[in-house]
Amino acid sequence: MSFLSPDAVEFIGFAAPRYHSETHAASGPAIDRDYLRLLAQAHEWGGFDRILVAYYSTQPDAILLSAQIAAVTDRIGLMIAHRIGFTAPTVAARQFATLDQLTGGRVAIHAISGGDDRELAQDGDHLTKDQRYARTDEFLTVARQVWTAATPFDFAGAHYRIEGGFSEVKPVSRRGIPVYFGGASPAAIAVAGRHADTYALWGESLDQVREAIAKVRAAAAPHGRSPRFSLSFRPILAETEAAAWARAEAILAQTRALRAARGLGPAAAPQNEGSRRLLAAAAQGSRLDTRLYTAIARETGASGNSTALVGTPEQVAEALLAYHDLGVRTFLIRGFDPLEDAIAYGRDLIPAFRRLLAERGARSEAA
């Protein structure tokens, strides 16, 4: 699947190696192979385009999990989170190119610079935020050369120095591996402008998304680049709007109960700008733009993708269309009941969105 056309709509799901979420305590081994297989196949059967395999400093390796997902599926793409700084860019680039060849071009990288000093310290990384983004800039510059260079190359930077770098294995696409990238600080926006094929945001308000897209487009323009844009949401669906909001409130109560059972107090102030932006939205109210639900983000300190769109499948699809109108073409959606929600999204939400988008296109052509 490699690189998408500018207007192609993409849905990305989320793969976890065992069953857990904000409302379900993790139990059992760190890797449940049967659950991982079911979750991956549910996304493929449901019409998702890719599945995100996340990176955490204490969790199973994302590249190896991705190889297992590829082995039990036929079509779905892999969006592999990679924490920059722990593998040399030449080595990582060959790993991604190798897996891309083995899977027939199904690989993309989600380049992560790291937004929490405490988690980074668990892996021995103590650079400042700006230093991490500078390292990411160099890493992606080198990786793209590994993927595309026809002859050996040299590179000299503050973080990497390569002499005669080259790879015999190349990705399926001559353009390399698609790069997804997120981060809302000025340093992150600058790197996004130079490298992001798709710039990823968490689920913010319409006004916030409009502002972020303008910033990234302005940063990309001097480099002659036009990135795609992605949003991440936790859709909460039900047959009626009232039932959906009741489910949302129940999920909030379950989240609070599980945090209390784990002895967690009020969430710590986040260190990354993306979480701060979510909390800024939550400060405006728990319900924004009709369907955006921010209460769970506020409860968890906006730790990761934690805002929801609430309603019937058709109502949530209409909410996604409002973001589509702003230029968003990729939607990363995952549920608080991961497997069950993935099935529901594939059965109800994705078809509803594609139907509404097609109907709008037909009306435009007829006008």
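Just one residue in the set Gly77, Gly124 is in contact with a strand residue (DSSP E or B) (Cβ under 6 Å, 6 or more places away or on another chain) and not basic (Lys, Arg); that residue is Gly77. Among the criteria (1) in contact with a strand residue (DSSP E or B) (Cβ under 8 Å, 6 or more places away or on another chain); (2) surrounded by fewer than 20 Cβ atoms within 10 Å (Cβ to Cβ), the one Val146 does not fulfil is (2).
Within the range 305-348, the set of residues being assigned to a helix (DSSP H, G or I), open to solvent by less than 20 Å² (accessible area, probe 1.4 Å) and touching a Ser or Thr at 6+ places or on another chain (Cβ under 8 Å) comprises Ala319 only. State yes or no: is Glu239 of a type in the set (D, E, K, R), under 21 Å from Tyr345 (Cα atoms) and outside any helix (DSSP H, G or I)? Criteria met by Glu239.
In the range 204-239, which residue that is touching a residue at least 40 places away in the same chain (Cβ under 8 Å) and open to solvent by 70 Å² or more (accessible area, probe 1.4 Å) is farthest from Gly335 (Cα to Cα)? Only one residue tops the list, namely Ser226.
Being part of a helix (DSSP H, G or I) and surrounded by 21 or more Cβ atoms within 10 Å (Cβ to Cβ) holds for only one residue in Leu278, Leu201, Leu258, and it is Leu278.
If you check Thr90 against the conditions, is it at pLDDT 95 or above, β-branched (Val, Ile, Thr) and either within 30 Å of Arg354 (Cα to Cα) or not in a strand (DSSP E or B) (or both)? Here the answer is yes, as Thr90 does meet what is asked.
Results for (1) in a strand (DSSP E or B); (2) out of contact with any Asp or Glu (no Cβ under 7 Å at 6 or more places or on another chain), shown as yes or no for each residue.
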| site | (1), (2) |
| --- | --- |
| Leu52 | yes, yes |
| Thr58 | no, yes |
| Gln68 | no, yes |
| Phe86 | no, no |
| Gln95 | no, yes |
| Asp100 | no, yes |
| Ile109 | yes, yes |
| Leu120 | no, yes |
| Asp125 | no, yes |
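The set of residues in the range 323-367 that are charged (D, E, K, R) and at pLDDT below 95 comprises Glu359, Arg360, Arg363, Glu365.
The values are calculated or read from the model by the stated rules, or taken from the named source; none is laboratory data. None of the values given here were measured: they were computed from a predicted structure. Here the Cβ is made from the backbone with ideal geometry for all residues, glycine too, and neighbour counts use every protein chain on show. Side chains included, ligands, DNA and RNA excluded: accessible areas come from the protein's heavy atoms. Shrake-Rupley method; radii C 1.70, N 1.55, O 1.52, S 1.80 Å.
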